[in-house]
1. Hey, got a sec? Which trypsin sites (Lys or Arg not before Pro) in the chain land in a DSSP loop and have at most 12 other Cβ atoms within 10 Å?
2. Going out from 0 in 10 Å bins, what whole percent of all Cα-Cα distances in region 29-95 drops into each bin?
3. For region 35-51, in order, what is each residue's ³J(HN,Hα) by Karplus, 6.51 cos²θ - 1.76 cosθ + 1.60 with θ = phi - 60°, in whole Hz (x at glycine and Pro)?
4. In nanometres, what is the gap between the two model label sites at Arg21 and Ala76, each 7 Å from Cα along Cα-to-Cβ?
5. If the cut-off is a Cα-Cα distance under 18 Å, which lysines reach Lys88, setting aside same-chain residues fewer than 8 apart in sequence?
6. Can you tell me the FRET efficiency between Phe91 and Glu32 if r is taken as the Cβ-Cβ distance and R0 is 22 Å, rounded to the nearest 0.05?
7. Fully extended, how many nm does the chain gain between Arg61 and Asn12 (0.36 nm per residue separation, minus their Cα-Cα distance)?
Amino acid sequence: MYFVFMCHDKPNAQKLREETRAAHLEYLYRFEEMILAAGPLQTDDGTQMTGSMLVLDFPDRKAAEDFAAGDPYEHAGLFERVEIHRWKKVFPPGV
């Protein structure tokens, strides 16, 4: 089942995000087969990252929560809040 992760950075956390980005990406590669989509949230002008949005396939909520807890961004204290939502993909069909 898919889970959507909406991760919102703390204010003025761009430097912390940049410092921990390599570790975060390395962590994501461990889950590459489970990732439907992932990427940063940005300001409207695209100059700053403000969070992350990911969609991953996990067998249950516990696995999704464990993934979120293991993210180096989480360990570094980057996020102000993380929302995890179960998600059903309906469109486009068959993709």
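Read-outs throughout are calculated quantities, based only on the coordinates presented, and are distinct from any laboratory measurement. Bear in mind the structure is a predicted one, so any value in this text is a computation, not a measurement. Neighbour counts run over all protein chains shown; Cβ positions are idealised from the backbone, glycine included.
1. On the way: sites: Lys15, Arg17, Arg21, Arg30, Arg61, Lys62, Arg81, Arg86, Lys88, Lys89; in loops: Arg30, Lys88, Lys89.
Hits after loop and neighbour filter: Arg30, Lys88, Lys89.
2. P(r) over region 29-95, rounded to whole percents: 16, 48, 30, 6.
3. Rounded to whole hertz, the list is 8, 8, 7, 7, x, x, 7, 10, 5, 4, 8, x, 8, 9, 8, 10, x.
4. With each label point 7 Å from Cα toward Cβ, the separation is 0.9 nm.
5. Lys62
6. Values: r = 24 Å, r/R0 = 1.08.
Computed FRET efficiency for Phe91 and Glu32 comes out at 0.40.
7. Numbers: separation 49, 0.36 × 49 = 17.64 nm, distance 3.03 nm.
Additional length available on full extension: 14.6 nm.
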